[in-house]
C-alpha cells in the first residue's frame, strides 16, 4: 500500500476511535491557534497573556467585604481561572460561552488565575463565529 494511503487510513482510524472529549479538546486548540492566543498550558506566571477558551463554570465567591466572580476557562490544553473582584454577575458570562481574555497571570489557591481581565465574548460552544 502506498504511504499516502496509509497516512489517510491512520488519520481516519484515529478520528473514529478518539473520544468526544479528545475531539473537543483538539477543536478548541485549533480555534485558539487560529486567533493567535497563548495556549493555557503555556502561560507564564507574572506575565501578561491573552487566552481564549470555553467557560466551564461560573462561581460567585461571597466574601464579607468584596464578592468575587470566578470563571473557569478551558482551551483544550488546560484550565485557567478568571476572577473579577467586586462583581456578582457579568452579562453574557455563562457556561458554554467562548471568550478571549487578557491580563497578568498569577497563582491563587494553587490555581492559574488572571484577576480582573479585559475580555471579549466570542460566541457559544457549537455556534459558528467569524
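So what is the relative contact order of the chain, in percent, for Cα pairs below 8 Å that sit 6 or more residues apart?
Across the chain, relative contact order equals 21 percent.
As I understand it, the value is the acute angle between the Cα axis of helix 20-35 and the longest principal axis of the Cα atoms of the chain; what does it come to in degrees, rounded to 10?
70 degrees
For the chain, with a Gaussian network of springs between Cα atoms less than 10 Å apart, report the residue from 49, 26, 101 with the top mean-square fluctuation.
26
Could you compute Rg(Cα) / (2.2 N^0.38 Å) for the chain, with N its residue count?
Details: Rg = 17.5 Å, N = 130, 2.2 N^0.38 = 14.0 Å.
Against the empirical 2.2 N^0.38 Å value, I get 1.25 for the chain.
How many nm is it between the label spots at residue 121 and residue 30, if each spot is 7 Å from the Cα in line with the beta carbon?
Here the modelled spin labels are 2.6 nm apart.
Rounded to the nearest 10 degrees, what's the angle between the helix 3-17 long axis and the longest principal axis of the chain, both from Cα atoms, 0 to 90?
Tilt relative to the chain: about 50 degrees.
For the chain, modelled as a GNM with alpha-carbon contacts under 10 angstrom, which of 66, 37, 58 fluctuates the most?
Its mean-square fluctuation being the largest, the pick is 66.
Only the coordinates and a few stated rules stand behind these numbers; no lab work does. Everything numeric in this text was worked out from a predicted model, so none of it was measured. Here Cβ is always computed from backbone atoms with ideal geometry, including for glycine, and neighbour counts include all displayed protein chains.
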